[in-house]
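Enquirer: First the structure, which I've put down as structure tokens, then a few questions once you've had a look.
The values are calculated or read from the model by the stated rules, or taken from the named source; none is laboratory data. Given the structure is predicted, the values throughout are model-derived calculations rather than measurements. With ideal geometry, Cβ positions are generated from the backbone for all residues, glycine too; neighbour counts draw on all protein chains shown. The protein model used for the area step is the full one, side chains on, heavy atoms only, and it has no ligands, DNA or RNA in it. Shrake-Rupley method; radii C 1.70, N 1.55, O 1.52, S 1.80 Å.
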Amino acid sequence: MTAIQTVDRHLKIKLPAELSKRLKVKAGVILRIEISGNQLILRPAAQRKDFPSLSAINKVQKKIAQINGKNARAKGLTKTELEIALKAGLIDKKQAWFWSVPWQKMEREADRSRTFEFDNVKDALTFLHT
């Protein structure tokens, strides 16, 4: 089924009744929006009762953006926030450790660590052995 809709001045679109009925999309359903090439793909994301609320997802998205922006105040995601991010598909399960509070603390410490420059290898080795 194909439908044509106009984006309004608030950048909103209205789902045609036939589409929303077929996909069982009602007011309050959370949609995942993806881009594939030049296509915009909308998928219902909140089919389970335990799916996080939109406000919780937005909060976690902001924290992820802070971490990605290397914000010095970004503390990482708590266990609860990690669960929300995983359920909402915001982060890859295999990389959840990276977003955790302990790992982000180590990232910030690494960013603050001092660096040293040497003119040659001999000076660098002398420094390491002192």
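Enquirer: Inspect all residues belonging to the range 24-47 and state whether any of them is hydroxyl-bearing (S, T, Y) and in a helix (DSSP H, G or I).
Expert: no
Enquirer: Also, quick follow-up: Does any residue in the range 108-130 that is of a type in the set (A, V, I, L, M) come within less than 9 Å, Cβ to Cβ, of a residue that is surrounded by 10 or more Cβ atoms within 10 Å (Cβ to Cβ) and modelled with pLDDT under 85 six or more places away or on a different chain, and which pairs are these?
Expert: That search, which allows pairs on different chains as well, returns nothing.
Enquirer: Would you say A65 is modelled with pLDDT under 95, in a helix (DSSP H, G or I) and within 25 Å of I33 (Cα to Cα)?
Expert: Taking the combined requirement at face value, the residue satisfies it.
Enquirer: Under the condition of being surrounded by 10 or more Cβ atoms within 10 Å (Cβ to Cβ) and among the acidic types (D, E), which residue from the range 1-42 is nearest to the chain's Cα centre (by Cα)?
Expert: Selected residue: E34.
Enquirer: Moving on. Given the criteria outside any loop (DSSP other than H, G, I, E, B), open to solvent by 100 Å² or more (accessible area, probe 1.4 Å) and of a type outside the set (D, E, K, R), does W103 qualify?
Expert: no
Enquirer: Taking the range 52-76, which residues are under 23 Å from L31 (Cα atoms), buried (at least 17 other Cβ atoms within 10 Å of the Cβ) and either among the polar types (S, T, N, Q) or in contact with a helix residue (DSSP H, G or I) (Cβ under 6 Å, 6 or more places away or on another chain) (or both)?
Expert: Scanning the range 52-76 gives P52, A56, V60.
Enquirer: Which pairs have Cβ atoms under 6 Å, sit 6 or more apart or on different chains, and link a residue in the range 1-27 that is under 15 Å from A45 (Cβ atoms) to one that is not in a loop (DSSP other than H, G, I, E, B)?
Expert: Note: pairs meeting the criteria are V25/P44.
Enquirer: Among the residues of the range 21-54, how many are small (G, A, S) and at pLDDT 85 or above?
Expert: Total meeting the criteria: 2.
Enquirer: Would you tally the residues in the range 103-130 being of a type in the set (A, V, I, L, M, F, W, C) and under 22 Å from R73 (Cα atoms)?
Expert: Qualifying residue count, the range 103-130: 3.
Enquirer: Of everything in the range 77-92 that's among the charged types (D, E, K, R) and open to solvent by 70 Å² or more (accessible area, probe 1.4 Å), which residue is farthest from S55 (Cα to Cα)?
Expert: D92
Enquirer: May I ask you to list pairs of residues, at least six apart or on different chains, whose Cβ atoms are under 7 Å apart, with the first in the range 71-99 being assigned to a loop (DSSP other than H, G, I, E, B) and the second being buried (at least 20 other Cβ atoms within 10 Å of the Cβ) and not hydrophobic (A, V, I, L, M, F, W, C)?
Expert: A74/K63; A88/P52
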